[in-house]
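One structure is given below, encoded as structure tokens.
The values are calculated or read from the model by the stated rules, or taken from the named source; none is laboratory data. Owing to the predicted nature of the structure, the values given are computational and were not obtained by experimental measurement. Here Cβ is always computed from backbone atoms with ideal geometry, including for glycine, and neighbour counts include all displayed protein chains.
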Ligand SMILES: Nc1ncnc2c1ncn2[C@@H]1O[C@H](COP(=O)(O)OP(=O)(O)OP(=O)(O)O)[C@@H](O)[C@H]1O
Ligand SMILES: Nc1ncnc2c1ncn2[C@@H]1O[C@H](COP(=O)(O)OP(=O)(O)O)[C@@H](O)[C@H]1O
Ligand code: SF4
Ligand code: SF4
Ligand SMILES: [Mg+2]
Ligand SMILES: [Mg+2]
């Protein structure tokens, strides 16, 4: 009915001013819950040195397999190492790798998406490569790349970046393809604006919402996949244990000392859940179209 | 003879389109086929036809927003296609465009001031108090006010947004503006205001318009010369007065006959056009119009009628234009 | 027209969320076989009035007044009864024919379904009837078309299918909300002819909403002019064009581009329609009215008869002055 069509679209309003965004975000339960979960994980990780000063690798043969208690909040492992300290330090690595993957995704996703979507150069080639990469299950591909490069944190970052960049680039390309045909973008072109200006001023703002949403999901998957990689010994060496390494080490003692796997497991689950809720909320508010399509 | 401001010669555009399924071969959609016309300074050419006949594509070809398959566009005698990139970019400030949808043609994130100064920023000017002042003058000119400079587009009505679009189009002091259905989405009372505004600006600033529309009654009020398009081709062209007095081409006649009457006493005073516009992917042979034409004969199915002069001022693309003109 | 009206709307007001009134005190009648046009600018309340008659407004809408159809008050009718009535005795067609058709079913399925809802019959019989209906609304090769999906049809054909669906139950009243606005003029002309034919052949009364005065001139018997939520004038089509009583009607007529006569400069109505949420005091049209006098700001003039067949909501309507009333 026409009344609905003549009303300014929700999207236009949502993009109208930052204040309305913030208001909508503040009213979105999914976003709030996600932000609280993920925010507290980040906060605890950043404040780790204040929470515990115990060396995560300090052995204590007398204190092996201590279940969680007042002294050892998260218990100790088979070598008597303090799990609280290990989980908090592991968070740095897990989140750090996730963050690095997100940054690489943002940079290369936008770059490749723009080359393919705006300049339409290499569009076919880039998208074929992306399709080929996306045809493999993400985790398997990451395992393959990491195995080929040899275990290290950098390996994990590169492997995960290679896996997720095509997905991000596709999202960026798709929104650029829509945005470049918008009347006001055409008007800017007709007025003689340079490509850089058109991309930066008119097109990229239209891609920000889907990009932010995509990156929040990439973050979640990266944390999850990094756990798998380190579980398989394909990420950082065990001296700086990431969450995946902790689970791998604890797995042997699953019956006797379940906390060794359960606690890092909860950490991973909370992070991933938090990021997914955050992403869902962002998508609802920033990009209602995506919700309809899916 | 002086060189016309705009001269379009044999302009054609083909779009490749995917087949019905991915096995089917790619097809070619001939959106615009050998369109030629000239537009003088301070003149308005009305380009009219049904949706999908290639009007917008023609407009975008002229502004070099898309690349023609063949043909040339000359602006002040200079071929735009062969012009160095940087020179074309600078020349763009002399040619602007106004769109149909006043909502879609304004970036919702920008304030009115930045919106209307965009063509100047595009040419490298930097924001300044002088430009802000100029933006205020532009708003005054289009019937808005300085107070609106810092507002966002969603705070305006459709008619006001279209005025902002017009302010943006005249900001860089262009010579040519392509108005692509610029008043089609507006309510009548607002439409009349915008048409009058466009006319006033033409007188004041010496503008030329390529006025694209689908409503012959609207275009009559602003055009000097008319061009009627059907399935990618211009089928009739001539001065407004003569055209509206008696169109030559059967399609133009039918189009004119479809415009709602201006008074109830004139009901049932015209002939209806039967059928629908065929798919441009698979247009009829010969004269594209023959399946719907009352005058069609065998030759119309085989031979494409060329756009040719019927009188010193008028052209039509119909094998029997003289006969039809004679009545 | 002395017979009882088919539809009689009295003092219809519609507001949303208690804040915003989209229609105020609208009263009008439609007689059997009559084509009544509702004309007005975007947002003036045309569609909301039509939806109110159909009982299709969202639950947030508060509707007051009365809507009598064949003597029964639709506003007092239970939902089920209303639903039965709608589609059987009242049909509706919308501006955007694409969104009103289900993309995953064929045209034939959808028309046959509509037929069977109101008169149970075999599938085969329903398809035969569907073919007939498509033929009536001027769709060429109707049998073959029945197998098509909506996206395979042009806008004009889709609108014909919508009309066929609306006609499937032989309604007494057809409400058409801007059925031709999205279409080309040549197709619009064909559809207007079709509406005229329906009226002649079946005696269907039609409420036609449009913002185009030309469309009114083409088909309407009587016209209701709406402005910013109110009916400002009602008249037979000839009275309206020859003797408009409300300055807004004159303004609309003056700003409508015409094909004949000199291509004069268009007359305009200054300003724009006020936002229905923040209406001016007194006559709603006063801020734009060339004839406004201080008295206009005192109160909203009611819709008063100027002649038995024409009424206007203006204290300076020429008809009123000549009578020396007021
Ligand atoms: N469900 C709704 N909730 C709130 N406001 C509504 C709703 N539906 C319509 N309105 C408002 O009611 C007013 C009248 O709307 P309506 O759709 O009747 O206008 P119209 O005359 O049909 O306009 P158009 O020519 O654009 O179709 C508008 O301001 C519209 O925004
Ligand atoms: N980018 C494109 N790709 C494929 N077909 C197109 C493209 N742009 C326009 N067309 C087709 O070209 C024809 C003319 O389009 P257009 O110029 O927009 O028509 P008008 O403005 O007269 O309504 C239409 O059939 C349209 O579908
Ligand atoms: S060429 Fe033939 S078919 Fe075409 S318009 Fe003329 S008479 Fe009609
Ligand atoms: S009442 Fe006054 S303001 Fe309203 S329409 Fe009549 S003259 Fe104009
Ligand atoms: Mg167009
Ligand atoms: Mg409406």
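For segment B:283-300, taking the residues that are within 14 Å of another protein chain (Cβ to nearest Cβ) and within 8 Å of ligand 3 (Cβ to nearest atom), the one that is nearest to the chain's Cα centre (by Cα) is identified as B:289. Among the residues that make up segment B:286-309, is at least one of them within 16 Å of ligand 5 (Cβ to nearest atom), touching a strand residue (DSSP E or B) at 6+ places or on another chain (Cβ under 9 Å) and in a loop (DSSP other than H, G, I, E, B)? So far as segment B:286-309 goes, no, none of its residues is within 16 Å of ligand 5 (Cβ to nearest atom), touching a strand residue (DSSP E or B) at 6+ places or on another chain (Cβ under 9 Å) and in a loop (DSSP other than H, G, I, E, B).
Listed by first and then second residue, the pairs linking a residue in segment A:113-142 that is touching a residue at least 12 places away in the same chain (Cβ under 8 Å) to a residue that is outside any helix (DSSP H, G or I) and crowded, with 17+ Cβ neighbours inside 10 Å, with Cβ atoms under 9 Å apart and 6 or more places separating them unless they lie on different chains, are A:142/A:234.
Each row is one residue, and each column tells you yes or no for (1) at pLDDT 90 or above; (2) away from ligand 2 (no atom under 16 Å from the Cβ); (3) surrounded by fewer than 16 Cβ atoms within 10 Å (Cβ to Cβ); (4) away from chain B (no Cβ under 14 Å).
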site	(1), (2), (3), (4)
C:284	yes, yes, no, yes
C:289	yes, yes, no, no
C:292	yes, yes, no, yes
C:296	yes, yes, no, yes
C:319	no, yes, no, yes
C:326	no, yes, yes, yes
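Evaluated against (1) within 14 Å of chain C (Cβ to nearest Cβ); (2) surrounded by 17 or more Cβ atoms within 10 Å (Cβ to Cβ); (3) more than 24 Å from the chain's Cα centre (by Cα), residue B:280 falls short on exactly one condition, (3). Checking B:220, B:241 one by one, the residue that is out of contact with any helix residue (DSSP H, G or I) (no Cβ under 9 Å at 6 or more places or on another chain) and within 12 Å of another protein chain (Cβ to nearest Cβ) is B:241 and no other. Of the residues in segment B:122-130, at least one is within 12 Å of another protein chain (Cβ to nearest Cβ) and part of a helix (DSSP H, G or I). Going residue by residue through segment B:47-63, is there one that turns out to be assigned to a loop (DSSP other than H, G, I, E, B) and touching a helix residue (DSSP H, G or I) at 6+ places or on another chain (Cβ under 6 Å)? So far as segment B:47-63 goes, yes, one or more of its residues are assigned to a loop (DSSP other than H, G, I, E, B) and touching a helix residue (DSSP H, G or I) at 6+ places or on another chain (Cβ under 6 Å).
For segment B:67-90, residues that are more than 20 Å from residue B:5 (Cα to Cα) and either surrounded by 16 or more Cβ atoms within 10 Å (Cβ to Cβ) or within 16 Å of ligand 4 (Cβ to nearest atom) (or both) total 1.
So that you can scan it fast, the table gives a plain yes or no per residue for (1) touching a residue at least 24 places away in the same chain (Cβ under 8 Å); (2) more than 16 Å from ligand 3 (Cβ to nearest atom); (3) facing chain A (nearest Cβ under 8 Å):
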residue: B:41; (1), (2), (3): yes, yes, no
residue: B:51; (1), (2), (3): yes, yes, no
residue: B:70; (1), (2), (3): yes, yes, no
residue: B:74; (1), (2), (3): yes, yes, no
residue: B:78; (1), (2), (3): no, yes, no
residue: B:108; (1), (2), (3): yes, yes, yes
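Within segment B:278-298, which residues are without any contact (Cβ under 8 Å) to a residue 24 or more places away in the chain and more than 27 Å from residue B:27 (Cα to Cα)? Correct list: B:296, B:297, B:298.
Cβ-Cβ below 6 Å, separation at least six or inter-chain, first residue in segment B:301-327 and away from chain C (no Cβ under 14 Å), second within 16 Å of ligand 5 (Cβ to nearest atom): which pairs? Listed pairs, sorted by first residue: B:307/B:234.
Take residue B:92 and decide whether it is on the phi < 0 side of the Ramachandran plot, without any contact (Cβ under 8 Å) to a residue 60 or more places away in the chain and within 13 Å of chain A (Cβ to nearest Cβ).
yes
Inspection of segment A:191-209 identifies at least one residue that is buried (at least 18 other Cβ atoms within 10 Å of the Cβ) and at positive phi. Of everything in segment B:196-220 that is in a loop (DSSP other than H, G, I, E, B) and closer than 20 Å to residue B:143 by Cα, the residue that is nearest to ligand 6 (Cβ to nearest atom) is B:207.
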